[in-house]
Amino acid sequence: MDDRRLVSSPWSASRGVSPETSRLIIERAHEELVAGNLDDRRLEQVRPLVRDSWERSRRQKVGADGLPPLALTAEDLEHYRLEHPLAGVMEMIRSLLLPGDPAESGVIVAVGDHAGRLLWVEGDLHTRVMTGEMGFVAGANWSEDAVGTSAPGTALALGESVQIHQAEHYNRLVHPWSCTAAPVFDPETRRILGVIDVTGGPEVATPQARLLVDATARAVESELLVGRLRARATPTRSPSARPASARPAAKHTSPMRATLRVLGRDRARLETAGAGAALELSARHAEILLMLAVHPHGVSAERLAELVYGDGASPDTLRPEMVRLRKALQGSAPALVPESRPYRLTAGLETDAQNMIALLNRGAHRVALTTYAGPVLPESRSPGVEELRATVRAVLREAMLTEASIDVLLTYADIPEGAEDEEVLQLCLEMLPARSPRRAGLVTRIERLQNS
């Protein structure tokens with residue numbers, strides 16, 4: 001974003017105190033509210049809009065340190081935003097809020113739906129990496145009910161533009177950031193279609209920033225109306241050819257959701273929405289179903305036998321297990337019963353391993369690391385599983401070394417995959433402040449590895 005549009009105007013100036021003093025007062029008030037001390041006098045110094053939002057967040061039992069839930073998988077996200085009415089005006093939003101080179105703008109722009117689910121998160125590369133650590137990524141739910149007070153969630157709750165400054169956020173992970181957001185209304189029905197948010201440093205929460213975000217929201221509403229009027233004035237035009245900005249909001253429906261959990265588990269767990277209890281699979285059935293999940297277009301009997309049993313394995317060895325697997329799935333997940341020639345699944349099957357990689361690709365390193373429960377089927381010796389296990393480890397390690405913040409990297413260094421990795425420990429040492437108390441422990445661990 002062009003810095004000339006966002007002239008700094010510290011919100012604390014009107015209070016007659018320094019920004020640092022205001023921040024400390026608000027942080028302390030937040031601690032008291034979260035602890036349930038609702039009579040603490042410091043709460044009187046918090047803006048009423050923020051204090052009311054904190055109260056709503058506390059009543060909803062929102063965690064003050066938690067990560068937002070991932071409401072949309074990568075596949076669901078792709079399909080949903082193609083049909084969302086704001087898809088057709090994204091170029092307008094980018095041109096107004098991210099002029100020049102978006103990757104070096106210093107801020108990020110997020111566009112979410114009416115429920116607070118982020119659909120697009122674009123802008124400064126460094127800022128996206130940093131905010132990704134707190135789960136500010138496409139597909140995450142940033143409604144007030146999910147993460148508490150934030151500009152996008154509170155703007156949707158109130159139906160008006162909102163600015164949230166650093167410690168005013170309910171979630172402590174968001175305290176380093178400021179944001180301004182405005183809801184976007186359907187120009188005819190006045191229902192909320194979504195929200196536009198700008199996140200960054202203090203400069204994104206000035207009066208000038210609010211004017212700009214508000215103006216962008218109004219420009220989007222005007223463009224939506226113009227698109228609809230233009231479409232209605234052309235009766236011979238096929239409805240399917242209407243621009244995205246003229247289409248009504250599509251009702252988003254998801255197919256059957258099933259997840260195969262294989263991280264850190266010797267026996268995979270198949271969880272199917274609406275099926276009640278999850279299905280614990282045998283080691284062999286887990287290997288077969290995992291291979292089918294990572295080969296969605298199908299695989300021949302010969303190739304599947306090699307992936308599961310090794311080179312030279314006969315399909316005749318595989319077929320009895322396929323019969324038993326089909327019987328096991330028929331009762332709890334009939335939609336996942338594999339078909340033959342080639343062997344394939346006709347319903348989508350997610351795996352927690354693939355979902356973790358998708359989170360890393362979205363920049364949500366902290367969220368991804370919390371979902372990593374260990375290697376893929378650690379006891380399996382199936383060649384296909386071993387290859388996937390190595391790939392997941394390599395992708396996780398590369399993301400930690402190249403993009404993760406120091407806090408996330410230190411967490412990675414405490415799990416088995418990072419604990420004996422000298423390069424990881426050396427990078428932690430380089431990134432830590434000179435006087436950090438954690439440096440001594442890292443030096444000891446590195447010396448032990450070098451002497452072993």
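The values are calculated or read from the model by the stated rules, or taken from the named source; none is laboratory data. The structure presented is a predicted model; accordingly, all values stated were derived computationally and were not measured. Neighbour counts are summed over all protein chains in view; Cβ atoms, including those assigned to glycine, are modelled from backbone coordinates with ideal geometry.
If I filter region 421-439 for residues that are surrounded by fewer than 17 Cβ atoms within 10 Å (Cβ to Cβ), more than 27 Å from the chain's Cα centre (by Cα), in contact (Cβ under 8 Å) with a residue 24 or more places away in the chain and in a loop (DSSP other than H, G, I, E, B), do I get at least one hit? Within region 421-439 (the criterion being surrounded by fewer than 17 Cβ atoms within 10 Å (Cβ to Cβ), more than 27 Å from the chain's Cα centre (by Cα), in contact (Cβ under 8 Å) with a residue 24 or more places away in the chain and in a loop (DSSP other than H, G, I, E, B)), the answer is yes, since at least one residue qualifies.
Would you point out the residue of region 338-363, among those that are outside any strand (DSSP E or B) and surrounded by fewer than 16 Cβ atoms within 10 Å (Cβ to Cβ), that is nearest to the chain's Cα centre (by Cα)? Let's see the steps before the verdict.
Let us first name the residues in region 338-363 that are outside any strand (DSSP E or B), namely 338, 340-342, 345-349, 352-363.
From what's left, surrounded by fewer than 16 Cβ atoms within 10 Å (Cβ to Cβ): 340-341, 346-347, 361.
Working: SER340: 35, ARG341: 37, THR346: 27, ALA347: 24, ASN361: 10 Å.
For region 338-363, the residue satisfying everything is ASN361.
Does region 255-277 hold any residues that are assigned to a loop (DSSP other than H, G, I, E, B) and either modelled with pLDDT of 90 or more or more than 17 Å from ALA353 (Cβ to Cβ) (or both), and which are they?
Let us first name the residues in region 255-277 that are assigned to a loop (DSSP other than H, G, I, E, B), namely 255-257, 262, 264-268, 273-277.
Those that are assigned to a loop (DSSP other than H, G, I, E, B) and either modelled with pLDDT of 90 or more or more than 17 Å from ALA353 (Cβ to Cβ) (or both): PRO255, MET256, VAL262, GLY264, ARG265, ALA268, ALA273, GLY274, ALA275, GLY276, ALA277.
Of all the listed residues (ALA305, ALA335), the sole one being out of contact with any Phe, Trp or Tyr (no Cβ under 6 Å at 6 or more places or on another chain), part of a helix (DSSP H, G or I) and crowded, with 16+ Cβ neighbours inside 10 Å is ALA305.
What about HIS79, is it in the same structural domain as LEU193 (by TED's automatic domain parsing), surrounded by fewer than 22 Cβ atoms within 10 Å (Cβ to Cβ) and under 15 Å from ASN141 (Cβ atoms)?
On the way: in the same structural domain as LEU193 (by TED's automatic domain parsing): yes; surrounded by fewer than 22 Cβ atoms within 10 Å (Cβ to Cβ): yes; under 15 Å from ASN141 (Cβ atoms): no.
So HIS79 fails the test.
Just so you know, in region 95-126 the residues that are farther than 18 Å from ALA74 by Cα and in contact with a Phe, Trp or Tyr (Cβ under 9 Å, 6 or more places away or on another chain) include one that is surrounded by the fewest Cβ atoms within 10 Å (Cβ to Cβ), and it is VAL109.
Each row is one residue, and each column tells you yes or no for (1) on the phi > 0 side of the Ramachandran plot; (2) of a type in the set (Asp, Glu); (3) assigned to a loop (DSSP other than H, G, I, E, B).
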site	(1), (2), (3)
SER95	no, no, no
PRO99	no, no, yes
LEU119	no, no, no
HIS126	no, no, no
GLY135	yes, no, yes
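Considering (1) in contact with a strand residue (DSSP E or B) (Cβ under 6 Å, 6 or more places away or on another chain); (2) crowded, with 20+ Cβ neighbours inside 10 Å; (3) of a type outside the set (Val, Ile, Thr), the lone condition that GLY135 does not fulfil carries the number (1).
Taken across region 295-302, residues that are surrounded by fewer than 16 Cβ atoms within 10 Å (Cβ to Cβ) and in a helix (DSSP H, G or I) do occur, with at least one present.
Would you say ARG242 is at pLDDT 65 or above and not small (Gly, Ala, Ser)? Spelling it out, it is not the case that ARG242 is at pLDDT 65 or above and not small (Gly, Ala, Ser). Evaluation of ALA146 against the conditions (1) of a type outside the set (Phe, Trp, Tyr); (2) outside any helix (DSSP H, G or I); (3) surrounded by 23 or more Cβ atoms within 10 Å (Cβ to Cβ) shows that the sole unmet condition is (2). Being over 18 Å from ARG269 (Cβ atoms), of a type in the set (A, V, I, L, M) and buried (at least 18 other Cβ atoms within 10 Å of the Cβ) is a description that does not apply to LEU325.
Sub-9 Å Cβ pairs linking a first residue in region 136-152 that is outside the structural domain of ARG59 (by TED's automatic domain parsing) and of a type in the set (S, T, N, Q) to a second residue that is part of a loop (DSSP other than H, G, I, E, B) and surrounded by fewer than 24 Cβ atoms within 10 Å (Cβ to Cβ), at least 6 apart or interchain, number zero.
Residues in region 364-415 that are more than 28 Å from LEU292 (Cβ to Cβ) and either assigned to a loop (DSSP other than H, G, I, E, B) or not hydroxyl-bearing (Ser, Thr, Tyr) (or both): 15 in all. Only one entry in LEU156, LEU224 is surrounded by 24 or more Cβ atoms within 10 Å (Cβ to Cβ), farther than 30 Å from HIS30 by Cα and not charged (D, E, K, R), namely LEU224. One residue alone among ALA390, ALA394, ALA368 is over 14 Å from GLU287 (Cα atoms), touching a residue at least 12 places away in the same chain (Cβ under 8 Å) and either in the same structural domain as VAL424 (by TED's automatic domain parsing) or under 15 Å from the mean Cα position of the chain (by Cα) (or both), and that residue is ALA368.
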